[in-house]
1. Given H placed 1.01 Å from N in the peptide plane, which residues other than close sequence neighbours of Trp196 have an amide H under 5 Å from its amide H?
2. Give me the percent of the accessible area of region 17-266 that comes from carbon and sulfur atoms, probe 1.4 Å, all protein chains in place.
3. With no solvent and one point on each alpha carbon, what is the Debye value of log10 I(q)/I(0) for region 246-374 at q = 0.14, 0.20 Å⁻¹?
4. To check my understanding: the extent here is largest minus smallest coordinate of the Cα atoms along each principal axis. What are those three numbers for the chain, in Å, largest first?
5. Along its three principal axes, how long is region 38-135 when you only count alpha carbons? Whole Å, largest extent first please.
6. Under a plain spin-label model, where a point goes 7 Å from the Cα along Cα-to-Cβ, how far apart in nm are Asp346 and Arg300?
7. How much length, in nm to one decimal, is gained on full extension between Asp120 and Val221, taken as 0.36 nm per residue of separation minus their Cα-Cα distance?
8. Restricting to DSSP loop positions (anything but H, G, I, E, B) with no more than 15 other Cβ atoms inside 10 Å of their own Cβ, which GluC sites (Glu not before Pro) remain in region 237-296?
Amino acid sequence: MSDLIFLDSAGSSIPPAPVVDEVIGHLKRETEIGGYRAAAERRDDLEAGYGVLADLFGCQPSEVAFTDSATRSWLAAFDAVPLEPGDRILVTEVEYGGNAIPVLRRAAEAGAVVEVIPSDIHGQVDLGALHLDNRVKLISLVHVPTNGGLVNPVNDVTAAAREVGALVLLDACQSTGQLDLRGLDYDMLACTGRKWLRGPRGTGALVVRDAVRERLHPRLVDLHSGVWTGLQEYRLRDDARVFELWECSIADRLGMIAAARYALDKGLDVIEAEVADRARRLSEGLRSIPGITVRDLGERRSGIVTFTSDRVPATELKDRLWQENVAVTVSQKGSTLIDMTRRGLDEVVRASPHYFVTPEEIDQALERISRSAR
Ligand SMILES: Cc1ncc(COP(=O)(O)O)c(C=O)c1O
């Protein structure tokens, strides 16, 4: 598909050659000497991976855990937050469905309440509407929502949370790999490898700040997370790897590390600027196509561009675009129920160009979108 225009890095991006080589190379090595020896050969590289991710997030290697998805990371952190009857959990209007369901379930079991922080006029979390007290145990903050281009402010939310001792769990699934996250303040961060970071599917990471780890009670632990010290005793690890389980795909983990290194080599600031440039070009172009409405909110915008057509339903438009070799996807109401309900939307077409999409390709995509939306 030589004329493919790939606008789906918010779905599952295209890994660069060093990532693919790493994954396939390791799988081949496993066929030669078996999984355990192949892993042993790469022990130093796997260990160095914690440092690479620490560089990506601007944290300590001891604060990094590898997982197999953003959801797995998010759940590991969320389930570890102690909850008691009457505790408050705050979510934003752009909360992701995969987070909302476990929040509702656990809150019901614990007798905690779930509250939605309203958005401001720009669609971002309304800092003036944060009514915090010491019953707030957790703020679940989505950095970049799955269904639109806004970027939520993080440090202001965390500063407010600190005043009442609440934890901030940042869903950075859609921001890792497209934005520079190194200056952000949060307690826990969940991300995936396969989206903007251009890693393999089935990879993710969790950052747990050293300062809060003791307040958390990891639920899923095994003989990697801890040591069995006696018949009635065990001791858990004293770093973020307490959130990892022993078994994992070594090939995919090496691929994730290669992806993070690739992003760092390119430069996080360069990536952020180039993604913003492509998204701006796409968004501006879409605004000039009759019948197309751009749906993104937010004062600060990310690489996600969403739109609807007043003639063609989003899913059909996506299908037509696939026929035209433009890879986009559709974000459905159920993924961000609160926000979509508030805005009266059932589905939006989501385009998410990475830096490897050229400005000329954006212009060609606009032509094909214009044709398909007629
Ligand atoms: C904002 C957000 N959070 C979480 C997830 C879940 O990520 P994963 O499928 O890697 O678990 C997604 C996936 O699209 C997402 O967009």
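The values are calculated or read from the model by the stated rules, or taken from the named source; none is laboratory data. What you see is a predicted model; the values in this text were computed from it and never measured. Don't worry about glycine lacking a Cβ; one is built from the backbone with ideal geometry, like all the others, and counts go over all protein chains shown. Ligands, DNA and RNA are stripped out before the accessible areas are found, and what is left, the full protein with its side chains, is counted by its heavy atoms. Shrake-Rupley method; radii C 1.70, N 1.55, O 1.52, S 1.80 Å.
1. none
2. On the way: 5600 of 10910 Å².
Taking all protein chains in place, region 17-266 shows 51 percent carbon and sulfur surface.
3. -0.71, -1.13
4. 70, 56, 31
5. If we take the Cα atoms of region 38-135, the spans are 51, 34, 25 Å.
6. Going by the 7 Å Cα→Cβ label model, 3.5 nm.
7. 32.4 nm
8. Here the sparse-neighbourhood loop sites are Glu247.
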